[in-house]
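Asker: Sharing a structure below in structure tokens format, with a few things to ask.
The values are calculated or read from the model by the stated rules, or taken from the named source; none is laboratory data. This structure is a prediction, so every number in the text was calculated from the model and none was measured. Neighbour counts run over all protein chains shown; Cβ positions are idealised from the backbone, glycine included. Ligands, DNA and RNA are stripped out before the accessible areas are found, and what is left, the full protein with its side chains, is counted by its heavy atoms. Shrake-Rupley method; radii C 1.70, N 1.55, O 1.52, S 1.80 Å.
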Amino acid sequence: MARYLINRLWQGLLVLWATFTIAFILLQALPGDAVMLKFLRPEYGLNQQQLAEIMQSYGSETSFLQKYVTTLFDFLRGDFGHSVENGVPVSALIASSLPGTLILALMGFVGAVILASAVALLSTFAPFQWLRRLFASLPPLFASVPVFWVGIMLIQIFSFRLKWVSVIGAGPLEARILPALTLSIVISAALAQVLMRNIDDTSVQPFVSVARAKGASFRWAFWHHILRNTLVPTLAIAGVLFGELLAGAVVTETVFGLNGIGVLTINAVNNQDVAVLEAIVVISAVIFVAITLLIDLVAPLIDPRLRAAKGA
């Protein structure tokens, strides 16, 4: 197990290095320069010599390879550079924006797990065939609606019509209820589809047929055999979906006017603030790699066959 953990950590580091390198190359290839974009504005009134000094201070005139090596070692030391547009360290911007986005993503993920589990269980155990088909049709419906449309509909229903949740002047927690619900509905679609498919596939496996032949009810076989065998592949998909939650938060935060990584990303794109974009890409990759590693460690605890395969 220790060898497996070391291999997974090594693979994760390679993924992070590749992510940083690709992001650096693509962002450096963008046309225009954030320094020139900001300091060429008429209100600054800078001459050519002053502009050259500013560009030298931001390292705009260094070679591509030198900039790559310097930026890579700075990232390894936790220094993400300075934001050209805001004039502050990027780490300060990330520290003020990331917690809100992580809380939103975590609330959306928990809501998606609860909603997907409810849909899968109701599509399996609902009393009537038409009712089971109705619940089984919900995941494709959830997956077909855009995130921004769901957010607008929830605001219309729960804020303007029912007046249950305020979107104007709301507290930190209340302001994230509808955004989290929006993410939950969209993300739960893929999770519920995988869960229902695994339940159907596992239900026809020989070990379930043997249990049923010995007199076990389907409900008993589900809770004692089927559910455990459906959790591992569902858990793997859940890890991938959590990464999508961070991407979906960009749209959700914009619709609901929340400050977070989403708004910070949009502002950085508009201002070509390369240092901020690089930091956001790398930090998102770190979170995704950490979640994937955590799932790989939890999966053998659920399925003993994986523990034996990994030599634990």
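Asker: What order do you get for 16-25, 234-243 when each peptide is scored by the mean count of other beta carbon atoms within 10 Å, highest first?
Answerer: So the peptides 16-25, 234-243, ranked by packing, come out 234-243, 16-25.
Asker: Out of (1) 81, 35, 29; (2) 88, 57, 30; (3) 59, 44, 43, which label holds the value of Cα extents along the principal axes in Å that was computed here?
Answerer: So the calculated entry is the one marked (2).
Asker: Can you give me the % of accessible surface on the chain that is carbon or sulfur? Probe 1.4 Å, all protein chains present, nothing else counted.
Answerer: Answer for the chain: carbon and sulfur cover 68 percent of the accessible area.
Asker: Taking only Cα atoms, what is the 0 to 90° angle, nearest 10, from helix 2-28's long axis to the longest principal axis of the chain?
Answerer: 40 degrees
Asker: Also: Compute the accessible area per residue over the range 91-309, keeping the other protein chains in place, probe 1.4 Å, unit Å².
Answerer: Accessible surface, normalised per residue, equals 51 Å².
Asker: Something else now. Please report the accessible area of THR254 (heavy atoms, 1.4 Å probe, ligands and nucleic acids excluded) in Å², nearest 10.
Answerer: Rounded to the nearest 10, the figure is 80 Å².
Asker: May I ask you to derive the relative contact order of the chain, considering only C-alpha pairs under 8 Å and at least 6 residues apart, and to give it as an integer percent?
Answerer: It rounds to 26 percent for the chain.
Asker: Shifting gears a bit: For the ranges 281-288, 295-302, what's the packing order if you count other beta-carbon atoms within 10 Å of each residue, average per peptide, and put the highest first?
Answerer: Going by the mean number of other Cβ atoms within 10 Å, highest first, we get 281-288, 295-302.
Asker: Could I ask something else about it? On a 0 to 90° scale, report how tilted helix 177-203 is relative to the longest principal axis of the chain, with both axes built from alpha carbons and the result rounded to the nearest 10.
Answerer: Relative to the chain, helix 177-203 is tipped by roughly 40 degrees.
Asker: With n ≥ 4 as the cut-off for DSSP H runs, can you work out [θ] at 222 nm for the chain, using -39500 (n - 2.57) per run divided by the number of residues, rounded to the nearest 500?
Answerer: Helix-only estimate at 222 nm: -24000 deg cm²/dmol.
Asker: How far, in degrees from 0 to 90, does helix 261-270 lean away from the longest principal axis of the Cα atoms of the chain, to the nearest 10?
Answerer: Long axis of 261-270 versus the principal axis of the chain: about 40 degrees.
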